[in-house]
1. Which condition number does residue A:93 fail, the rest of (1) in contact with a strand residue (DSSP E or B) (Cβ under 9 Å, 6 or more places away or on another chain); (2) in contact (Cβ under 8 Å) with a residue 60 or more places away in the chain; (3) under 22 Å from residue B:234 (Cβ atoms) being met?
2. Quick one: is residue B:157 more than 20 Å from the chain's Cα centre (by Cα), under 30 Å from residue B:318 (Cβ atoms), in contact (Cβ under 8 Å) with a residue 12 or more places away in the chain and surrounded by 14 or more Cβ atoms within 10 Å (Cβ to Cβ)?
3. Can you tell which of B:146, B:102 is touching a helix residue (DSSP H, G or I) at 6+ places or on another chain (Cβ under 6 Å), surrounded by 14 or more Cβ atoms within 10 Å (Cβ to Cβ) and not assigned by TED's automatic domain parsing to the domain that holds residue B:284?
4. Can you tell me which residue in region A:125-134 is farthest from the other protein chains (Cβ to nearest Cβ), limited to those that are buried (at least 24 other Cβ atoms within 10 Å of the Cβ) and in a helix (DSSP H, G or I)?
5. Give me the residue from region A:111-124 that is facing chain B (nearest Cβ under 9 Å) and in contact (Cβ under 8 Å) with a residue 12 or more places away in the chain and, out of that set, nearest to the chain's Cα centre (by Cα).
6. Just to be sure I understand, how many residues within region A:92-124 are out of contact with any helix residue (DSSP H, G or I) (no Cβ under 9 Å at 6 or more places or on another chain) and either modelled with pLDDT of 90 or more or buried (at least 22 other Cβ atoms within 10 Å of the Cβ) (or both)?
7. For residue B:165, are the conditions met, namely being within 30 Å of residue B:255 (Cα to Cα), within 14 Å of chain A (Cβ to nearest Cβ) and not in a helix (DSSP H, G or I)?
8. (1) free of Cβ contacts under 8 Å to residues at least 12 places away in the same chain; (2) assigned to a helix (DSSP H, G or I): which one isn't true of residue B:260, the others all being true?
C-alpha cells in the first residue's frame, strides 16, 4: 500500500549553510519520480529530508512540511524511527551488513526494527529476494556472507533488505552509479516491477536513465554558485525531455551545461 | 650519414651500472670483519661496541661503494634499506636475547609439580615449592579487573564515538588521555587510600580495582579507533531501515568492530598481567594458596618474581624459581595474544563466497 508525498516550502540546512530552499512538489502513489540536476544542487539532500535522514548528519536541520498521506513527517511528536520504517532508502554504494549472512541481511529490518513472527521470516525473505530478482542466484547460499556477492547482486540485496519491511515509499539515491551496465539494466527492470507496489523516488545523474525509468521528472539547479539549490521544474517525463517550460531545464537536457 | 660514425653507439640514457646481488652481504661481511679487527686492536671489550662499529661501517661502506658504482640516487636508496635493516636488528637482538635467557634459565625448575604447588611448606631460600598460588592469584586478579574495566571502557568509547559531541565528551577524552599516563604505583596508592579510609585489609579485589584503572584508558582508546573504522554508510543503512540507534550500535556497529575490540581488550589484559607496583601495595603477597580474592592477601606472578628475587638472600633456588615464574608469565601473555588474534580472525567480517 503506497502513499503519496506532498512537500511544501522545504528548506534544509547544514549548520548555518542553506543547502536547498523552498521546495514544493507532489509525488503520486505507485509512480516513479526522478530527480535530475547538476552535481551539488541538492538532489540527495532533498531526498534525505524525505525520510528524516538529513538530521542524522551533524548540523542537519529542516524547515517546512513533508506530508505523507496528509501526516506531517516533521510535525510535533513524530518519531523519526517510525518514519524511516515507512520510507525506505537504497544508497549509492551497496552496503550489506558485513557480519551477517544473506538471509540475515534481508531479515535485519524485520528482526531489529519491527515485530515479526519467526515462522513467517523464511517466507518474507524469499518474497523479498524474489521481488529484488535475486532469489534464483542466492537461494542455495542464503547462509553465505552478504559481502561475497558481486556489486550488482549486493545492490539488489540492499533493495531486498529495504523492501522486506514493506515500506510505503522507496527512496533510491543514485542506485546504479557504482554498477556496470548489465547490473544497471537489471535494476532498472526491477524498478519497473517495484512501482506496482511502492512509490519510488530516484535520484540520478544519468538523464537517459531518468527518461527510461520514471513517470515524472524534477529538475533541480543552483541559482548561482554559493546559492542554495531550488526546484526548477517538475512535470511528466515525456514533457520534460521533449518540451520543457523553463530555459534552464532545456539547457541541462541538451547538455549545454551540467 | 658518415659511415665512420656508425661504429660509435651513443651512450644509453636509460641504463646504468648496478652492483651485483651479493654485494650487501659482502659489505656486511666486510664491515663485521673490520669491526672485529678494530675491536681487537683497540681493545674494546664490549661486543655491543663491536656490533655498533660494524653497523656504522656497513652504512658508510654501502654509501661510498654504491655512490661510486651506481650513482648517488641509488646510493641513497641503499642507505635507506641498510638503515632499516640495522634498526630491525637493533630491535630484534635484545628481544631474542631476552627470550633465550628466560627460556634457558626458566626451564630448570619448571615442571608439573612447580605449576601445581605453592610455597607454603618451603622457605624462600630453600629449593622446591611452586607457583600455583601465584597463578591462581594472577588469574583471579586479572580476571576481576577485566570484568570491571572492559565493559566500562567499551561503553565509554561507544558514548564518545556514537553520541558525544559537546563539552562532556571533550573533557572525557582529555581525562582518558591523562589516565593513559598514570604510573601504576599511583593507581595503587589511590586504591590504598580508599582501603585505609574504609579500614579494609589487603585483598585480591583491591588489586583488581587498581588494575582496572590502568586498563580502562587503553580499552577506551583502542575501542574508539575500532568504532571509528566502521564505515558510516553501515550506520546509515541500518538507520534508514528504521532500526533505532541503540540497536544499530548493538547489532550492526559492535559486531563489525568486535574483532578489533577484543584484540584491544586482550592487549590491555596482557599489559596489566605484568604490573607489580599496585599488587605490591594492595595484595601483599602470600605464600599460601588463597582462592578468595575478596578477603586476605593473595600472591600474583609478577609479585612472586619480585619477592623471590628480593627476599632470597642470593639463594640459587630462589633465582631459579623467579626465572621459571618469569617464563610462565611470558607464556601466559603470549597465549593471551594468540587467543586475541584467533578471536579477531574468527570474528572478522567474512568475505568468502
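1. (1)
2. Values: more than 20 Å from the chain's Cα centre (by Cα): yes; under 30 Å from residue B:318 (Cβ atoms): no; in contact (Cβ under 8 Å) with a residue 12 or more places away in the chain: yes; surrounded by 14 or more Cβ atoms within 10 Å (Cβ to Cβ): yes.
Criteria not met by residue B:157.
3. Working: B:146 fails: not assigned by TED's automatic domain parsing to the domain that holds residue B:284.
None of the others qualify; the one that does is B:102.
4. Pass one, region A:125-134, residues buried (at least 24 other Cβ atoms within 10 Å of the Cβ): A:128-129, A:132, A:134.
Now restrict to residues that are in a helix (DSSP H, G or I): A:128-129.
On the way: A:128: 12, A:129: 16 Å.
Here the answer is A:129.
5. The first filter runs over region A:111-124 and keeps only residues facing chain B (nearest Cβ under 9 Å), leaving A:111-114.
Those still in the list that are in contact (Cβ under 8 Å) with a residue 12 or more places away in the chain too: A:113-114.
Values: A:113: 19, A:114: 21 Å.
Going through the qualifying residues, I end up with A:113.
6. The qualifying residues number 1.
7. Working: within 30 Å of residue B:255 (Cα to Cα): yes; within 14 Å of chain A (Cβ to nearest Cβ): yes; not in a helix (DSSP H, G or I): yes.
Spelling it out, residue B:165 is indeed within 30 Å of residue B:255 (Cα to Cα), within 14 Å of chain A (Cβ to nearest Cβ) and not in a helix (DSSP H, G or I).
8. Tallying (1) free of Cβ contacts under 8 Å to residues at least 12 places away in the same chain; (2) assigned to a helix (DSSP H, G or I), residue B:260 fails exactly one: (1).
The values are calculated or read from the model by the stated rules, or taken from the named source; none is laboratory data. What you are looking at is a predicted structure, and each value in this text was computed from that prediction instead of being measured. Virtual Cβ from ideal backbone geometry, glycine too; neighbours counted across all protein chains shown.
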